[in-house]
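The values are calculated or read from the model by the stated rules, or taken from the named source; none is laboratory data. Bear in mind the structure is a predicted one, so any value in this text is a computation, not a measurement. No Cβ is skipped: glycine too gets one built from the backbone with ideal geometry, and neighbour counts run over all protein chains shown. Surface accessibility is based on the protein's heavy atoms, side chains included, excluding ligands, DNA and RNA. Shrake-Rupley method; radii C 1.70, N 1.55, O 1.52, S 1.80 Å.
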Amino acid sequence: MNNKDSAGTNFKWVGKRTRRPDGPDKVTGRARYGDDMIVPGMLHAKILRSPHAHAKILSIDTSKARAFKGVKAVVTSADIPDHPLTKPPYGPIITDFHDISCNVLAREKVLYDGHAIAGVAATSERIARAAIKLIEVEYEVLPHVLDPLEASKPDAPVLHDHQYTHGVDPEPEKPSNVFRVVTGGRGDVEKGFAGADIIVEREFSSQPVHQGYIEPQACIATASEDDSVELWTTTQGHFVIRAFCARLLNMDMARIRVTASEIGGGFGGKNNIYAEPVAIRLSQMTGRPVRMVMSRSEVFRATGPASGTHTRIRMGAKKDGTITAAEVDIYNQAGAFKGSPVGRSIETFFSAYTIENIRASGYDVCVNRPKVAAYRAPGAPMAAFAAEGTINELASRLGMDAVDIRMKNAVREGDQSLSGIKYGQIGLLDVLEKVKSHEHYSAPLGPNQGRGFALGYWMHGGGLSSVSANLLDDGTIAVATGNPDIGGSRSSMRVMAAEELGIDIEMIKPIVADTGSMGYSHLTAGSRTTFATGMAVINAVREIIDKLRALAAKKWEIPVEEITWEAGQAETGRDGIKALSLKELAGMATKMGGPIAGHSEINAGGAGAAFSAQLVDVEVDPETGFVSPKRYTVFQDVGRAISPDYVEGQIQGGAVQGIGWALNEEYVYDDQARLQNTGFLDYRMPVASDVPMIDAVLIEVPNPNHPYGVRGVGEPPIISAPAAVANAVENAIGITMSSLPLSPPKVLNAIEQGQAEKD
Amino acid sequence: MARNLVTATINGDEVEFTCSTEQTLLDVLREDLHMMGTKNGCGSGDCGACTVILNGRPVNACLVLGVELDGANIETIEGMAKGNELHPLQQKFLDHAALQCGICTPGILLMAKALLEKNPDPTESEVRFGLAGNLCRCTGYDKIVRAVLDAAVEMRASKS
Ligand code: FES
Ligand code: FES
């Protein structure tokens, strides 16, 4: 690295606003997303889905569908291998191939409205749609359960007879919907509460919300007679899709080659396999490419939302605002199969604070809803909703300022998160100070308006990334990563590569390569790509620089140690030797030894913690209960903004998703647990007229574990949003609000009840 | 299934196609003409990803039937740039980073174009209400609104 000063003033590209490399294709309609691919001779597939929330499958008769003109193949779970259940010890994230197999196509039971049962491939989508209706399924309908608290009770209908709660003492004798109880803590909670001057105890609930990506899942599988498969799909991680499909279908990994299409939004929802294995099986059966595109209602009924939650929380503080103790129980809906992000919820509640005495328990609960998937900072927003709401109440009961109470308890370098991760250089205090000094903090409010504040914490991930960079004869460089670009990562990769090399960004062409051409790269998720894959880009480019220095040494016949790389050229201190530019060196490379490339395969660690604080003003219509956000400011420690435009974009998008979570979004089921709002009209995500401008205040406390200080930015902005919005509503109407979403009927009811109590 | 012969003008070119009565304009564009720039986010008129301009008015292509299009004039995203010169809105979307994943972008660009043709000097609120039928899940709309307002300034300047 060429002597980057920490204030960032020396950078040529880092921190500058540059046009993104994939921009022109996206504004002209040329970019190809999942559904934009056509393969000659392809068949079209559709999936039959369960109309019941919970039922035994007694029989499936596909004969009429098979006989229908134009139908080429039908698959059921009988055509997909089953796998044994995962055994303990269980990691934080559970990938159970028995569950995945049962979710891809239901086996003995259907577990939610929309659960896939059979797939049909036909010569047109219309025929496939007609044919699935001819499949006859006999069900024995069973009682269902949707709510995590209800589902945790001993007499609740049980989804899985084989599931006994893990992590409780004594070992249970009866199967349960609670898959496991995860606990965390430190200190002595009773002692902590005994030392408190004030204790706040509350219950909070939140509803499942969908990631809401605008592009539905879509894929095309092309199987060949030699057992190889090409898969085109929209995903956040094609290497993961390859691994999952190979494992599920008992195939050799190297025989599956996955190409990631451009991705039309994911937010965690495109980390999983749904239709891909079905399309692969149908293609294997027919010998033809098979295309499978989900409809919007299939996306809502059968792909993963974030967990709905129920939380009981208790916090105690001294008069000076020192929080002495906190305890919490959270029930997270896992959906039909185990694996809600309980560990992340627990980690989120209190990790921004130095509370000495903590007990936190998380219940991972199966219910008759689609299996949850990751959604931007999985597990965190609902935890922050409860913890931050409680801290706001502590502050107001103590007569303390909402930011001051957090400053009093804020973690600093050397403190630990709940799970024991020691913080390095972090920016929490910088963030809080910025809030206090910002004009928004003390700006006057209008009638029926309230201001809310909340803080969010997220521990970022790093992980496996591979990069291959190739220097071409003309001095341009192709940089290939294995990470789908979901929000501008190609732009960041290009910036970092150009910065290292000291050349114009236009000389770098970043691409997303398929699984056949690259080493393994983990998902584009958890805000890891610019951090981890970015680090691999830097490594790969440095390898190129070293090779270019060696080439110059050869050319000049001097020791390589004497050669430095500055501003895009090889230089030496010796008189009379003229520097060689990247372009000149590239031109001589093939004649003087061979092509020059750099690559890097890493497991990046040390992404570190980030904090996002939010201030929001809302106006509540006292007649209707309608809440309108009027002003919104996000303060976030971003480490270093490689591409500030896309950092701001992540923050703005995350905050608005949080507004939707807080105010509108929820699933509506009928009494048979059939999902009623399976479209965007009734599943109401924020539209442009619902929200104000979102001011993003970037605070840069560089992460010492990344060459440019990157921390990751995508997750934190959603975490504090629901809590901040709810707090604003509370301050506008003077009533505590503990159940999301704060939809107009709920807010109106609260206003009227508050009125009745006053009268 | 019986197919009807339809002749329409798409991005200035006369195009002849056949379609069945159940096919929408979106189906015709994507499946038959392989013009994939018009996106399908819902197929039910709720997301705006399929916005095109039909006889001068923005419509959801998923709500228009193919057989209605005889003699119609249709503008899609593929016709927005003139040759390789981007439309000012396209330029401003790039300058303002008004897209992340970009799936909503073609629809929003056409809706914005129709909006500015009707109202060349909109307020922020008018832009927000004008785009209220176009969902974007990535950007929070901030940079989109700024890009449209900025494009309006430039387009007014180049007219006068
Ligand atoms: S696809 Fe037409 S409005 Fe969504
Ligand atoms: S940029 Fe992704 S939906 Fe708008």
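Of all beta bridges DSSP finds with both residues in segment A:330-486, what is the antiparallel percent, to the nearest 5? Roughly 60 percent of the DSSP beta bridges within segment A:330-486 come out antiparallel. Sorting B:Arg156, A:Arg314, A:Arg20 by accessible area puts them as B:Arg156, A:Arg314, A:Arg20; the probe is 1.4 Å, largest comes first, and only protein heavy atoms count. All other residues whose Cβ lies under 14 angstrom from that of A:Leu418 are scored, Lys and Arg at +1 and Asp and Glu at -1, for a net of 0. Label separation (B:Glu154 vs A:Met588): 4.3 nm, computed from points 7 Å beyond Cα along the C-beta direction.
Rounded to the nearest whole angstrom, the semi-axes of the ellipsoid equivalent to segment A:552-692, taken from the Cα gyration tensor as √(5λ), stand at 58, 20, 14, largest first. What pairs in A:Lys746/B:Lys39; A:Lys434/A:Lys630; A:Lys319/A:Lys422; A:Lys26/A:Lys72; A:Lys12/A:Lys270 have C-alpha atoms more than 25 Å from each other? Exceeds cut-off: A:Lys746/B:Lys39; A:Lys319/A:Lys422; A:Lys26/A:Lys72; A:Lys12/A:Lys270.
For chain B, the relative contact order comes to 23 percent (Cα pairs under 8 Å, sequence separation of at least 6).
For A:Arg291, the shell of other residues with beta-carbons less than 9 Å away shows a net charge of -2, using +1 for Lys and Arg and -1 for Asp and Glu. Extension gain, A:Lys554 to A:Ser63, is 169.5 nm, computed as 0.36 nm per intervening residue step minus the present C-alpha separation.
Bridgeable aspartates and glutamates around B:Lys113 (alpha carbons under 19 Å apart, same-chain partners fewer than 8 residues away excluded): A:Asp25, B:Glu75, B:Glu78, B:Glu85, B:Asp95, B:Asp121, B:Glu124, B:Glu126, B:Asp142, B:Asp150, B:Glu154.
Backbone geometry of segment B:115-129 corresponds, through the Karplus equation with coefficients 6.51, -1.76 and 1.60 at θ = phi - 60°, to 3J(HN,Hα) couplings of 4, 6, 5, 7, 9, x, 10, x, 7, 4, 5, 5, 5, 4, 6 Hz, x marking Gly and Pro. Among beta bridges from DSSP that stay inside the protein assembly as shown, the antiparallel ones total about 75%. Taking the helices alone, chain A has a mean residue ellipticity at 222 nm of -8000 deg cm²/dmol, built from -39,500 (n - 2.57) per DSSP H run of at least 4 residues and averaged over all its residues. Shielding by partners for peptide A:376-384, expressed as the average number of C-beta atoms from other protein chains within 10 Å of each residue's C-beta, is 0. For the protein assembly as shown, what class follows from the C-alpha gyration tensor (a ≥ b ≥ c being the square roots of its eigenvalues): rounded when a/c is under 1.5, otherwise prolate if a/b is larger than b/c, else oblate? It comes out rounded by the Cα gyration axes. The mean sequence distance of close C-alpha pairs (under 8 Å, at least 6 residues apart), as a share of the length of segment A:1-147, puts its relative contact order at 36 percent.
To make sure I understand the rule: partners must be lysines, Cα under 19 Å from the Cα of A:Lys555, and not fewer than 8 residues away in the same chain. Which ones qualify? Partners found: A:Lys547, A:Lys578, A:Lys583, A:Lys591. Peptide B:144-150 has a mean of 1 when you count, residue by residue, the C-beta atoms of other protein chains within 10 Å of its C-beta. For segment A:504-525 and segment B:38-88, what is the separation of their Cα centres, given in Å? Cα centres, segment A:504-525 to segment B:38-88: 33 Å. Ordered by 1.4 Å accessible area with all protein chains kept, B:Leu33, A:Leu523 run largest first as B:Leu33, A:Leu523.
For the set A:Lys56/A:Lys174; A:Lys16/B:Lys143; A:Lys509/B:Lys143; A:Lys509/B:Lys82, the pairs lying more than 22 angstrom apart at their alpha carbons are A:Lys509/B:Lys143; A:Lys509/B:Lys82. Proximity of backbone amide H atoms, modeled 1.01 Å from N, is registered between A:Leu580 and A:Ala570 at under 5 Å, excluding neighbours fewer than 5 places apart on the same chain.
The phi torsions of segment B:68-76, fed into the Karplus equation with coefficients 6.51, -1.76 and 1.60 and a -60° offset, translate into couplings of 7, 9, 4, x, 7, 10, 10, 10, 10 Hz, rounded to whole numbers, with Gly and Pro shown as x. Can you tell me the FRET efficiency between A:Val168 and A:Asp401 if r is taken as the Cβ-Cβ distance and R0 is 45 Å, rounded to the nearest 0.05? Using R0 = 45 Å, I get an efficiency of 0.65.
Other residues whose C-beta falls under 15 angstrom from the C-beta of A:His210 contribute a net charge of +1, scoring Lys and Arg +1 and Asp and Glu -1.
Mind checking the mean number of beta-carbon atoms from other chains within 10 Å of the Cβ atoms in A:642-654?
The per-residue average across the peptide is 4.
With r as the distance between the Cβ atoms of A:Lys319 and A:Arg126 and R0 = 60 Å, compute the FRET efficiency 1/(1 + (r/R0)^6) and round to 0.05. Calculated value: 0.25. From Cα pairs below 8 angstrom and at least 6 apart in sequence, can you work out the relative contact order of chain A, rounded to a whole percent? Relative contact order, chain A: 15 percent.
In sequence order, segment A:501-512 has phi-based couplings of 7, x, 10, 5, 4, 5, 7, 10, 10, x, 9, 9 Hz under the Karplus curve 6.51 cos²θ - 1.76 cosθ + 1.60, θ = phi - 60°, and Gly or Pro positions carry x. In this calculation the C-beta distance from A:Thr354 to A:His438 is compared with R0 = 25 Å, giving a FRET efficiency of 0.55. Model label sites at A:Ile94 and A:Gln416, defined 7 Å from Cα along the beta-carbon direction, differ in position by 2.7 nm. Listed by chain and number, the aspartates and glutamates whose C-alpha is less than 13 Å from the C-alpha of A:Lys109, apart from same-chain residues fewer than 8 away, are A:Asp99, A:Glu138, A:Glu140, A:Asp161.
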